[in-house]
Amino acid sequence: MPKLNWENVTVMVVDDNSFMRNLIVTTLRTLGIADVTAMSSATAAIEALRISRKNPVQAGIGTIDIVLSDFVMSEVDGALFLRWIRTSRQAPDRFVPFVMVSGAADQDVVEAARDAGVTEFLAKPFSAKSIGDRILEVIKNPRQYVLAPGYFGPDRRRQDRLVNWGEYYDDRSKLQTDRRVTKASEIQVIHARSNIRTLRDDVRAVYFRPANKLRDKLGPNALRGQIDFDPLVIQAAEERIQEMVGDYATWVRDYLESMSTSFKALREGTKESQHHVLNINQIAHELRGQGGIFDYPLISAFGKTLYEATIDTSAKISAHRLELIEAHIDAIRLVFTQKVRGHGGDVGAALLKDIERAVKKYGEARQSVPAS
C-alpha cells in the first residue's frame, strides 16, 4: 500500500475513564497515529484548546486535527464540549472534525450529538477497525459546514434529497415538493480560497467548504491514491486491544466492588440513595460499552439493562428494585469470574432469562403501584 504520513496527524482523545482513554490512545498509536493528546476531562480539554489559540507552547499542544471524545462525562459532557468547539470564539478551530464516542448509542444521544455539530459517531463497543473507519471517513468524505439559525457544524444531511414531501393535488396524487424553509437561492457558498468577506442581504444560511488539510498532511500519496490503513496494521491494533484484557479484568473487579458497596448501602436504607444509584448507573454505562470489545457481549447486555433500570436516580428503592440490581451484579460477576465469553451457550442463555425475568418483575411491580 502507498505510504501515508500518519505521523503528521494529531488527534485529541477526551475521556474521563482512564482505562477507555488509554485503550483508544493505544489503538490510535498502533494504527500509526503517534501524535495523540489525551485529556481526562472536557474541562481540561477546553482549557488547553483555549490557551493553545494564543500560546501553543504554554498549552502544550499544537494544532489538533481530529477530536475523539466520550459523550457521558462528569462536569462537562461531550455534547457541551462539542458546542463549545463549534460556537466559542475562544476555540482555535471551529471546523475541526469531531468524533463522538459513547456506549449510549441511543437515538436521543445520537441526535443530541448531531445537533451539537458532530462529524461522526462511534458506538461502543468498538474495534480497531471501527476507530480507523471513522478516522478515514472524516478525511475521505469531508462534509461542508452549515451556518444557519441555531446551528453551526457539518451538514446534517448526508444525502441531497427532498424533505417532508406530501400530497398537494386535488386528486390526492403525491407531488414531491421540498418543504425546507431555506431555499437554494437564500444560501451563500463560501469556498476555501474564497475572497468573500460580506454576506448577501437575502442569505438565510451559509455553506462553508474548507480545504481538506488532513489529506494534505498525509502526503502526496494521499492526493493520488487510495487512503486506507494497511490491513496488517489493523490486525496488529486488534491484537493489541485483546492484550489489554488483563487490565480490563482489574477494572471489572473494581467496578463490581464499587457496585456491591453501593448496593449494600441501598439495602441498608442509606439517606444517600441517589448517590449510590447514580454510581451504579455510571458503572453500568461503562460496562455496556466495554464488554463487547473484549468478547464479553453478555456484560454489555447486562450493563445496558442495568443502566436503563437505574437511570432514574430518584425512583423509590423498593424490594423489587433491589432484587433487580442484585441480579445484575451477580450475573456480571459470574460472567467475568467464569470467563463466559461470546454468548455463553446454555449458561449465557440461562443468565439472560434470569435478567429478563427480573426486569419484567420490576416493571410489573412499578406498574402496580398507584399514582400518588
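The values are calculated or read from the model by the stated rules, or taken from the named source; none is laboratory data. Just so it is clear, the model here is predicted, and its values are computed rather than measured. Cβ: placed from backbone, ideal geometry, glycine included. Neighbour counts: every protein chain shown. Keep in mind that these areas ignore ligands, DNA and RNA; they rest on the heavy atoms of the full protein, side chains included. Shrake-Rupley method; radii C 1.70, N 1.55, O 1.52, S 1.80 Å.
Can you tell me how much longer the chain between LYS339 and ASP228 gets when fully stretched, taken as 0.36 nm per residue apart minus their C-alpha distance, in nm with one decimal?
36.4 nm
Could you calculate the FRET efficiency of ALA211 with ILE311 from 1/(1 + (r/R0)^6), where r is the beta carbon distance between them and R0 is 35 Å, rounded to 0.05?
After rounding, the FRET efficiency stands at 0.25.
Send over the per residue convex hull volume for segment 202-248, Cα only, as a whole number of Å³.
Numbers: hull volume 7.5 nm³, N = 47.
Hull volume over Cα atoms, normalised by residue count, gives 159 Å³.
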Residues of type aspartates and glutamates that LYS339 reaches as a straight line, Cα spacing below 15 Å, ignoring anything fewer than 8 places off in the same chain: ASP247, ASP295, ASP330
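Where nothing but the Cβ of Lys and Arg (+1) and of Asp and Glu (-1) is charged, how large is the charge dipole of the chain around its Cα centre, in debye to the nearest 20?
Details: 51 positive and 48 negative charges, 228 e Å.
It works out to roughly 1100 debye.
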Using only Cα atoms, find the angle between the long axis of helix 245-267 and the longest principal axis of the chain, and express it within 0 to 90 degrees, rounded to the nearest 10. 60 degrees
If the chain between LYS3 and ARG204 were fully stretched, how many nm would it gain, using 0.36 nm times the residue separation less the Cα-Cα distance? 68.0 nm
Shape of segment 1-149 from its Cα gyration tensor (a ≥ b ≥ c, root eigenvalues): rounded if a/c is under 1.5, otherwise prolate when a/b > b/c, or oblate? rounded
Mean accessible area per residue over segment 25-128 (1.4 angstrom probe, all protein chains present, square angstrom) is 41 Å²
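With r as the distance between the Cβ atoms of LEU322 and ALA184 and R0 = 45 Å, compute the FRET efficiency 1/(1 + (r/R0)^6) and round to 0.05. Present the calculation step by step, with values, prior to reporting the outcome.
Working: r = 59 Å, r/R0 = 1.31.
Plugging the Cβ-Cβ distance into 1/(1 + (r/R0)^6) gives 0.15.
For the chain, which longest stretch is free of loop sites, where a loop site is one of the GluC sites (Glu not before Pro) that DSSP puts outside H, G, I, E and B and that has at most 11 other Cβ atoms within 10 Å? Mind dumping the intermediate values first?
On the way: sites that count: GLU75, GLU243, GLU268.
Here the longest run is 76-242.
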Return the loop-located trypsin sites (Lys or Arg not before Pro) in segment 63-103 (DSSP other than H, G, I, E, B) with at most 10 other Cβ atoms within 10 Å of their own Cβ; answer none if there are none. ARG89
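Between SER194 and ALA44, what FRET efficiency follows from the Cβ-Cβ distance if R0 is 22 Å, with the result rounded to 0.05? List each step's numbers first, then the result.
Details: r = 35 Å, r/R0 = 1.61.
In this case the efficiency is close to 0.05.
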Taking 30 Å as the cut-off for C-alpha to C-alpha distance, list the pairs among LYS271/LYS304; LYS129/LYS183; LYS213/LYS304; LYS54/LYS217; LYS129/LYS304 that go past it. LYS129/LYS183; LYS213/LYS304
What's the angle, to the nearest 10 degrees (0 to 90), between helix 319-337's Cα axis and the longest principal axis of the chain? 80 degrees
For the chain, what log10 I(q)/I(0) values come out of the Debye formula at q = 0.09, 0.14 1/Å, with one point per alpha carbon and no solvent? -0.65, -1.21
Would you work out which of ILE135, ASN212, MET12 lies farthest towards the positive end of the dipole of the chain? Charges go on Cβ: Lys and Arg +1, Asp and Glu -1. ASN212
Among the aspartates and glutamates, which fall within straight-line cross-link reach of LYS3, defined as a Cα-Cα distance under 16 Å, with same-chain neighbours fewer than 8 residues apart omitted? ASP216, ASP228, ASP230
Label point at GLU137 placed 7 Å out along Cα→Cβ; residues across segment 81-112 whose backbone nitrogen lies under 18 Å: 82, 96-112
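Can you pull out the chymotrypsin sites (Phe, Trp or Tyr not before Pro) in segment 213-289 whose DSSP state is coil and whose Cβ has at most 13 other Cβ atoms within 10 Å? List each step's numbers first, then the result.
On the way: sites: PHE229, TYR248, TRP251, TYR255, PHE263; in loops: PHE229.
Nothing satisfies the criteria.
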Compute, for segment 213-372, the length of the dipole vector about the Cα centre, with Cβ point charges of +1 (Lys, Arg) and -1 (Asp, Glu) only. Units Debye, rounded to 20. 400 debye
Taking 0.36 nm per intervening residue step and subtracting the Cα-Cα distance, what contour gain separates SER127 from LEU278 on full extension? 51.6 nm
